[in-house]
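Undergrad: Have a look at the structure that comes next, please.
Only the coordinates and a few stated rules stand behind these numbers; no lab work does. Note that the coordinates shown come from a computational prediction; the quantities given were computed from them, not determined experimentally. Note: ideal-geometry Cβ built from the backbone for every residue, glycine included; neighbour counts use all protein chains shown.
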Amino acid sequence: MFDFSLSEDIELSGLVDTHVHTAPDVKERIMNDLELAHAALDEGMEAVVIKSHTEPTAGRARLASEVTGMRVIGGVTLNTPVGGLNPDAVEAAALMGGKFVWLPTTSAGRAGGDLDAVLSAVAEHEMVLGTGHLKPDEIFSVIDLAAEHGVRRIIINHPLTGVVGATPEEQREMSRRAYLEHCLVACMPRHDGLDFESIAGAVRYVGVRRCILATDFGQGHNPSPILGMKHFIYLMRQHGFSDRDLRIMCRENPLRLIS
């Protein structure tokens, strides 16, 4: 399943990866912001989203876009290094052009702060709310509260991974008000090691119109995010998904979030 050489010739023209980790970071990353931007530009991709668990990426993304001409999008993950659920961090990210606000990941369960104020800022700036590593019951509470604040763009990050663990029925219910972001990293041996059919089956159950495919790659021990996206497409084709299905999940759906 992970013979990445099988997918080297797959085209990524016009596609979007909504979940990439780049250097500089506290963990080893396979490429930095500029290297990713250049590589995505060479492939003709529409956009890439860079994420960090420890610092805002909005300014980094803006600089990478200006230097390379590639559309690089950043934001902020509301872990303890930025003050947890900190609306000031959201405001700052928005003012620098950031588009994504991820709820706690590595600090899930420990990050305090003002969720209402965070959601108000997300709504005001028309940002994308990512649910991070919250558990399903927390995700449903957030979705309800987000609706009260007028948040219109929500993405459920890697719902199949152990840190989230949403059932198929929970995913279908979430999809009524959010997109489900399935990441190839969940199938990698040094991560969750999921059988790829878990992702394919979840997409079939919910439907391609409510799913987004991303890599969550960038780790030093995995292939590049570019090759990861190519292999994701290869595997989905092997599991019966059409090029039209893939265009919906890798372009149309993410562009609805970031437009």
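Undergrad: Sort out which residues of region 190-219 are touching a residue at least 40 places away in the same chain (Cβ under 8 Å) and not β-branched (Val, Ile, Thr), and write them in order of number. It would help to see each step written out before you state the result.
TA: Step one: of region 190-219, the residues touching a residue at least 40 places away in the same chain (Cβ under 8 Å) are 196-197, 200, 202-203, 208-212, 214-219.
Matches in region 190-219: 196, 197, 200, 202, 209, 210, 211, 214, 216, 217, 218, 219.
Undergrad: Could you list, in sequence order, the residues of region 114-140 that are within 25 Å of residue 62 (Cβ to Cβ) and either of a type outside the set (Val, Ile, Thr) or surrounded by fewer than 17 Cβ atoms within 10 Å (Cβ to Cβ) (or both)?
TA: Scanning region 114-140 gives 117, 119, 120, 121, 123, 124, 125, 126, 127, 129, 130, 132.
Undergrad: Can you find, within region 50-76, the residue that is surrounded by the fewest Cβ atoms within 10 Å (Cβ to Cβ) among those that are without any contact (Cβ under 8 Å) to a residue 60 or more places away in the chain, closer than 19 Å to residue 226 by Cβ and hydrophobic (A, V, I, L, M, F, W, C)?
TA: 67
Undergrad: Could you tell me how many of the residues in region 201-216 are assigned to a helix (DSSP H, G or I), crowded, with 20+ Cβ neighbours inside 10 Å and among the charged types (D, E, K, R)?
TA: Within region 201-216, residues that are assigned to a helix (DSSP H, G or I), crowded, with 20+ Cβ neighbours inside 10 Å and among the charged types (D, E, K, R) number 1.
Undergrad: Among the residues of region 10-60, write down those that are touching an Asp or Glu at 6+ places or on another chain (Cβ under 8 Å), part of a helix (DSSP H, G or I) and small (Gly, Ala, Ser).
TA: 40
Undergrad: Restricting to region 141-161, give me the number of residues that are crowded, with 17+ Cβ neighbours inside 10 Å and either among the aromatic types (Phe, Trp, Tyr) or not in a loop (DSSP other than H, G, I, E, B) (or both).
TA: 8
Undergrad: Does residue 129 fit the bill of being closer than 21 Å to residue 184 by Cα and in contact with a Lys or Arg (Cβ under 8 Å, 6 or more places away or on another chain)? Break it down into steps so the answer makes sense when it comes.
TA: Working: closer than 21 Å to residue 184 by Cα: yes; in contact with a Lys or Arg (Cβ under 8 Å, 6 or more places away or on another chain): yes.
Taking the combined requirement at face value, the residue satisfies it.
Undergrad: A follow-up question, please. Give the residue that is surrounded by the most Cβ atoms within 10 Å (Cβ to Cβ), with candidates limited to residues of region 217-259 that are hydrophobic (A, V, I, L, M, F, W, C) and farther than 26 Å from residue 178 by Cβ. Spell out how you get there, then give the answer.
TA: First, the residues of region 217-259 that are hydrophobic (A, V, I, L, M, F, W, C): 217, 226-227, 229, 232-233, 235-236, 241, 246, 248-250, 255, 257-258.
Of the ones still in play, those that are also farther than 26 Å from residue 178 by Cβ are 226-227.
Working: 226: 22, 227: 19.
My answer is 226.
Undergrad: Has region 162-173 got any residue that is surrounded by fewer than 16 Cβ atoms within 10 Å (Cβ to Cβ), among the acidic types (Asp, Glu) and either in contact with a helix residue (DSSP H, G or I) (Cβ under 8 Å, 6 or more places away or on another chain) or not in a helix (DSSP H, G or I) (or both)?
TA: Scanning region 162-173, I find no residue that is surrounded by fewer than 16 Cβ atoms within 10 Å (Cβ to Cβ), among the acidic types (Asp, Glu) and either in contact with a helix residue (DSSP H, G or I) (Cβ under 8 Å, 6 or more places away or on another chain) or not in a helix (DSSP H, G or I) (or both), so the answer is no.
Undergrad: Residues being of a type outside the set (S, T, N, Q) and touching an Asp or Glu at 6+ places or on another chain (Cβ under 6 Å): count how many of those fall in region 142-196. Can you show your working first?
TA: The first filter runs over region 142-196 and keeps only residues of a type outside the set (S, T, N, Q), leaving 142-156, 158-160, 162-166, 168-170, 172-174, 176-196.
Okay, now just the ones that are also touching an Asp or Glu at 6+ places or on another chain (Cβ under 6 Å), so 155, 162, 183, 185-186.
Total satisfying the criteria: 5.
Undergrad: Would you confirm, using the coordinates I've provided, whether residue 216 is more than 18 Å from residue 36 (Cβ to Cβ) and of a type in the set (Asp, Glu)?
TA: Values: more than 18 Å from residue 36 (Cβ to Cβ): no; of a type in the set (Asp, Glu): yes.
It is false that residue 216 is more than 18 Å from residue 36 (Cβ to Cβ) and of a type in the set (Asp, Glu).
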